[in-house]
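The block underneath contains the structure these notes are about, expressed in structure tokens.
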Amino acid sequence: MTRRLFLALWPDDETRAAIVAATAGAVRRCGARAVPARNYHMTLAFLGAQPPEAIARLAATLSFPDPPFDLVLDRFGHWPGPRVWWLGPGACPAGLQALVAKTRRTLDGLAIGYDPRPFAPHLTLARKVGRPPDVPPPAPVRWPVAGFVLAESVAAADGVRYDRLARFSAGSRPEP
């Protein structure tokens, strides 16, 4: 049985609350299906369906490169094809670019497939957005990044749930 996996930045509670505070009005104006705040994350690599043994290989191999970095979420965006309204950085910090590059090299070395599309840093706020709302830019949210997670997408009765399977922190071994 395969599991639907992805690697992602996962905001701590304080950052998650700041994202909600900075975006709640714009999300309401979307008139679309808001993503629950508990599901907020920034995908680094979508791995898709993977066998259970891939989890152990990933947990034993992945690591977060030092040093930690800050990510500033300061702009809204909309992708009309998938009808997604998102929050992202106006500039992608070098630390995030290095993390994505290192992660993809590691996945290639493990022969674990992932979505090869270019990385577009964003956090999905709402889905099924036909037309983006006319709103001012959000108040910038500073997101201190010192790790990432291996997560699983699980279908649940009330929608999708994301379960964190492992955490990779700066200067440490993977944390279950």
Legend entry - Stokes-Einstein D in µm²/s, Kirkwood radius over Cα pairs - the chain at 37 °C with 0.692 mPa s viscosity: 195
Legend entry - Nearest-20 debye value, segment 3-169 charge dipole, Cβ charges on Lys, Arg, Asp, Glu: 520
Inset, instruction - Take the chain, connect every pair of alpha-carbon atoms lying under 10 Å apart with a spring to form a Gaussian network, then pick out the residue of T103, T61, T124 with the largest mean-square fluctuation. - result: T61
Inset, instruction - May I ask for the net charge around G109, where only other residues with Cβ less than 11 Å from the Cβ of G109 are counted and Lys, Arg are +1 while Asp, Glu are -1? - result: +3
Inset, instruction - Could you pull out every residue, at least 5 positions away or on a different chain, whose amide H is within less than 5 Å of the one on R33? Hs are placed 1.01 Å off N in the peptide plane, and Pro or chain starts have none. - result: R127
Legend entry - Summed residue charge, Cβ within 13 Å of A54's Cβ, Lys/Arg positive, Asp/Glu negative: +1
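What is the sum of charges, Lys and Arg at +1 and Asp and Glu at -1, for the other residues whose Cβ falls under 15 Å from the Cβ of V141?
On the way: positive: R16, R75, R142; negative: D12, D13, E14, D70, D74.
Result for the local shell: -2.
None of the figures in this text is laboratory data; all of them are computed from the coordinates on show. Fair warning: this is a prediction, and the values are worked out from it, not measured in the lab. Note that we place each Cβ from the backbone using ideal geometry, even for glycine, and neighbour counts take in every protein chain shown.
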